[in-house]
1. Contact order normalised by length for the chain, with contacts defined as Cα pairs under 8 Å and 6 or more residues apart; what percent is it?
2. If you keep only loop residues by DSSP, which GluC sites (Glu not before Pro) in the range 24-84 have at most 16 other Cβ atoms within 10 Å of their Cβ?
3. Give the relative contact order (percent, whole number) for the range 158-295; include only Cα pairs under 8 Å separated by 6+ residues.
4. Provide His380, His51 in ascending order of the number of other Cβ atoms located within 10 Å of each residue's Cβ, fewest first.
5. Along the charge dipole of the chain, Cβ charges K/R +1 and D/E -1, which of Trp378, Leu258, Gly240 sits furthest on the positive end?
6. One quarter of the convex hull surface, Cα atoms only: what value does that give for the chain in nm²?
7. With a point put 7 Å past each Cα toward its Cβ, work out how far Ile286 is from Glu207 in nm, to one decimal.
8. Placing +1 at every Lys and Arg Cβ and -1 at every Asp and Glu Cβ, with all other atoms neutral, what dipole size does the chain have around its Cα centre, in debye to the nearest 20?
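Coordinate-derived values only; no laboratory data. Everything numeric here is computed off the predicted structure, so don't read it as measured data. We place every Cβ from the backbone using ideal geometry, glycine too, and count neighbours over all the protein chains shown.
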Amino acid sequence: MGHAHPLLRPEDLIVLEGLRSKGQAWIVGGWVRESISGKGDTDVDIATTLHPDEVQKIFPRSLMVGAKYGTVCVRLEEEVSGNQIWEVTTLRSDGSYGDGRRPDDVEFGTDIEGDLSRRDFTINAMALEYPYGDDSLIDPFNGREDLLKGVLASVGNPSERISEDGLRILRAFRFMDGGSEGIREMDDSLSDAISSSLEMLDMISNERICSELSIILSGNRVNEIVSKMEDLGVLEYISGSLLRKSECTLCDDLEVNLALLCREFDGNGGQLRKALRKELMLKNSILDEVCFLHNCREEMMSTGSGYLRRFAAALPEQRKIRVVEYMGALGRDTIAFSEALRIIGVPRAGLAPLVNGDDLTRETGLPPGPRLGMLKGWLHRRQVEDDLVTFDEVIQLLGEIDWEDSDPTEWKKMEWP
Ligand code: ATP
Ligand code: MG
């Protein structure tokens, strides 16, 4: 009889025991990989001899969305584990890969080795049999050895495996990132297969490409991984040459990294946004940031007090961090900038305008409308730049601007840059 694995939680054991009462169960995929490195904080994915309907009988709260492909999302009673989900997948045997993306039909299998042989990389093709004992690890492709050596290799012939599913090209880069274990070296035969199978990426939806790319660009060891993507032609292929790594040093922030990879784009942020939207399918929130950063690329990051105060007041915290990171990577002296910013501190009167619209109508007689709004913005900008603290100080600025007759679109707004 086995004993519990030290990294498994009581809830995991309930799921495994339940499956075990009617069939066989193995932990597979990422959890096995991570547990060998001593970490147990990824989802516990499970393979079983039971078919989806049999799994549902044991766990009635299961979600059956992927049942056609053999995957059931098991949920325990709400009191036990809330809405936490375990992916439980019936063992598979080979079906064909018609569209280069997923098997036309899923055939359920009976042996775990067959199931493992359909997985992508040796480090992802291990299973841990339940109940757990000393010989529980099923590792027909020497994944453990590759994991400990830091090698990423395909299960079987890499060209064939990529020709079944082009997504594996991008997954290969994702799994080069070994977290605290450092970088994994790609096996040469896998590198060669990738560079000669780029057209397999045509079969992959833009959404999938972007979601894998986003994982890669916000992980560890991005510099080595993205350089490898560039060397093998993948970066160019998926981005229509928009993304270029070359000498540039990346960080761990997705948006900053995208902006850096686009640093040579000849056009403004809005044009870059359009181009990126055409080649990739990035979320608007990501495009907003990349576009903003790209528009900052000519900034001098001066240490003048008005400029610094506006930077401090106009941008959300995360955007400030990104701008500094991005401009630093482009070679600007962001150390001096950050230090000056720290010394200048926060505006004494806070971030809100001291003079509101009603005040301004009373003082100027201007009716509510765009002109009044723009005047309010102009005053706010000056308030921040000069670090004013009283209502009167701000109102006096009205003497410096022809608010009645000049063109309000010329009035500078409260913004940065
Ligand atoms: P993560 O911790 O990032 O979730 P993971 O290894 O669990 O890593 P998943 O994408 O969740 O990765 O996939 C689970 C397992 O399913 C993988 O370990 C691998 O064995 C298998 N797998 C997933 N996608 C593919 C694929 N496209 N081709 C072959 N096997 C795959
Ligand atoms: Mg997973």
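1. 9 percent
2. Details: sites: Glu34, Glu54, Glu77, Glu78, Glu79; in loops: Glu77.
Filter output for the range 24-84: Glu77.
3. Normalised by residue count, the contact order of the range 158-295 is 21 percent.
4. Details: His380 21, His51 15.
The fewest-first ordering by Cβ neighbours comes to His51, His380.
5. Trp378
6. Values: hull surface 104.9 nm².
For the Cα atoms of the chain, the hull's average projected area reads 26.2 nm².
7. 1.3 nm
8. With only Lys, Arg, Asp and Glu charged at Cβ, the dipole is about 620 debye.
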